[in-house]
Amino acid sequence: MSRMRIISLLLCAPALLASACQDYAYEEQPNTVVREKRKTFNASVAQEANILFVVDNSGSMAGEQAQLGQSFSTFRQVLDEKFGPGKYKISVITTAMESDNCPPCNDTIKQGCINETGENGRFQDRKGCIWDGGSCQPSPTSDQPTFDFIPDASCRVVDSTNQNCIYDSASYRGTVMVGTSGCGYERGLAAMRKALEPNMTGPGKYNSGFLDPQAVLTVAIISDEEDCGEVGDVDDLTPSQATICYYAAKGVGPMGENIYPGTSKPYALTPVQDYYDFLMRLKDGKTGMVKFAAIVGVKDKNNPDTTTIEYENATQTSQVRQTCTTPPPCSSTRGYCGAFPGTRYIELYKKFAASENGFLDTICQNDFHETLLKMATFIACPEYFGLDQEILDPALANLILNGKSVPKYTCTSKDPIIECQGLDDTTTCPSGTTCVETWKYCPYGTKPEKNANGPVTCVNEDPDTDYPGGKIGFADHYDPCTFITQGEINIELVYVPE
């Protein structure tokens, strides 16, 4: 006589909302293919997104801004596909905060100053472009290009109806083209916090209309320098100038000192933990409702701990060594083809990456298309799927996404996806690729970790009580979001008993 067992299972995405999980049951019967019974649910990926770009507007950033603008169409296409019209908002701020050494710009102070928007976390509503020869140009032809701006208050908060505010490829204008006259004391984290505080985002306030309670919030920092904490953390008026930000970020200066000679402030900046806590409070501490992306100076994005602040010499005003170099065709007479370590941004990335909600890439590149593609997918798609109960026997389970079966094994080529027969299959895959598990179940106490050009592996983690049944992760070459359209995904586990 046959037997039947009904087991309840809860499947959820990485903790977007409490309602993001769905109970369902499956039947286990001998000698049959058994499919779970459950409903399609929509909250396994973000259905709405608020995205804040924090763009460095100091003197060395013209080329990076141009690359960001020219690559924005890739970012936009993913948002349109994954979210749909009216489901996302984008705003832009700069890294500048007014201070003693960063006064408002005027007729005599035109560099290292605060523009007419007031900055200090205010959403930028100036559509800028690189101005040369009486017209806008796609890229700078010198280290210190001139920028031209057209004010447009409707561009403070951008959605699918006015995306050209961010960057218009026909005119080369957009709000991401924030110029290069900004403050050399980059305070991206302070500006981010200021931009998102209630006294800036509330009804009738300067940044109103951006934050939505149900939307996932993503903050993306684009900078070639270190974060300098809050105004007042360091003395702005020392001979070291903005390099003191690195001394304070490291906690020790080039001569081994802990305080700049002749001043009274120890080398210390507002803890990065404060900014993490602030962002999480905006979403009531719900993991997955806040994401953080850093496109900054990093030596090895796969090993971010290798990025450290190193001094050129042991003098009182020593400069900092660049941590990465932008390859040709980048050229500069001022050393702008490179970036300095963004250790504080990397630290904040690591805090979010612990729950798979951090994204990191190097700013030292000539083309941001691939980076923005990955970042948009990161915003729209979870890194793994969490389970309420353990998979009975992972070896017998097959996975289906929105009615499409996920091959158990595939070659490590991304386009096209090629199914192969197992780890010992050495004939199916193209040269330079191997046959690996497409997806992997990681039991409670472990989490999926992607490996470049290889399978996903399970690594130990502190027990995640949100997912007592473990997690399902995917190999680096396989994008489960291919099967996701505007927030909807139906996931099935099919068991084939031996």
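Within the range 412-435, restricting attention to residues that are modelled with pLDDT of 90 or more and in contact with a His (Cβ under 8 Å, 6 or more places away or on another chain), which residue is surrounded by the most Cβ atoms within 10 Å (Cβ to Cβ)?
Across the range 412-435, the extreme among qualifying residues is Thr412.
Is there any pair linking a residue in the range 315-341 that is more than 14 Å from Thr243 (Cβ to Cβ) and at pLDDT 95 or above to one that is of a type in the set (A, V, I, L, M) and not in a loop (DSSP other than H, G, I, E, B), with Cβ under 6 Å and at least six apart or on different chains, and which?
Cys324/Ala339
Could you figure out which of (1) charged (D, E, K, R); (2) surrounded by 12 or more Cβ atoms within 10 Å (Cβ to Cβ); (3) in a helix (DSSP H, G or I) isn't true of Arg281?
The single condition Arg281 does not satisfy is (2).
Tally time: how many residues in the range 466-495 are at pLDDT 80 or above and surrounded by fewer than 18 Cβ atoms within 10 Å (Cβ to Cβ)?
Looking only at that region, the number is 2.
Of the residues that sit in the range 379-408 and are buried (at least 21 other Cβ atoms within 10 Å of the Cβ) and in contact with an Asp or Glu (Cβ under 7 Å, 6 or more places away or on another chain), which one is farthest from Asn357 (Cα to Cα)?
The selected residue is Gly386.
If you check Leu189, Leu211, Leu217, which single one turns out to be under 21 Å from the mean Cα position of the chain (by Cα), assigned to a strand (DSSP E or B) and not small (Gly, Ala, Ser)?
Going through Leu189, Leu211, Leu217 in turn, just one is under 21 Å from the mean Cα position of the chain (by Cα), assigned to a strand (DSSP E or B) and not small (Gly, Ala, Ser): Leu217.
Looking at the structure I just gave you, is Asn164 free of Cβ contacts under 8 Å to residues at least 40 places away in the same chain, surrounded by 15 or more Cβ atoms within 10 Å (Cβ to Cβ) and not in a loop (DSSP other than H, G, I, E, B)?
Criteria met by Asn164.
Let me confirm something: among Thr201, Thr263, Thr243, Thr238, which residue is of a type in the set (S, T, N, Q), assigned by TED's automatic domain parsing to the domain that holds Asp361 and more than 27 Å from Thr317 (Cα to Cα)?
Only one candidate qualifies: Thr201.
In the range 192-239, which residues are within 20 Å of Asp56 (Cα to Cα), among the hydroxyl-bearing types (Ser, Thr, Tyr) and out of contact with any strand residue (DSSP E or B) (no Cβ under 7 Å at 6 or more places or on another chain)?
none
State whether one or more residues within the range 262-269 are among the hydroxyl-bearing types (Ser, Thr, Tyr), closer than 24 Å to Arg321 by Cβ and modelled with pLDDT of 95 or more.
So far as the range 262-269 goes, yes, one or more of its residues are among the hydroxyl-bearing types (Ser, Thr, Tyr), closer than 24 Å to Arg321 by Cβ and modelled with pLDDT of 95 or more.
Report, by residue number, each residue of the range 431-446 that is part of a strand (DSSP E or B) and farther than 17 Å from Gln389 by Cβ.
Result: Cys435, Val436, Glu437, Trp439, Lys440.
Select from the range 251-260 the residues that are over 9 Å from Tyr311 (Cβ atoms) and crowded, with 19+ Cβ neighbours inside 10 Å and list them in ascending order.
Within the range 251-260, Tyr260 is the sole residue that qualifies.
Kindly evaluate Asp224 against the criterion of being at pLDDT 95 or above, touching a Leu at 6+ places or on another chain (Cβ under 7 Å) and among the acidic types (Asp, Glu).
no
Would you pick out the residues in the range 172-186 that are aromatic (Phe, Trp, Tyr) and part of a strand (DSSP E or B)?
Those that are aromatic (Phe, Trp, Tyr) and part of a strand (DSSP E or B): none in the range 172-186.
Select the strands (runs of 3 or more DSSP E) contained entirely in the range 75-159, then report the ones holding at least 3 residues which are surrounded by 15 or more Cβ atoms within 10 Å (Cβ to Cβ) and in contact with a strand residue (DSSP E or B) (Cβ under 8 Å, 6 or more places away or on another chain).
Qualifying strands (runs of 3 or more DSSP E): 88-94, 126-132, 146-151.
The values are calculated or read from the model by the stated rules, or taken from the named source; none is laboratory data. Predicted model, so just to flag it, every value in this text is computed and none were measured. Every residue, glycine among them, receives a Cβ derived from its backbone with ideal geometry; neighbour counts consider all protein chains shown.
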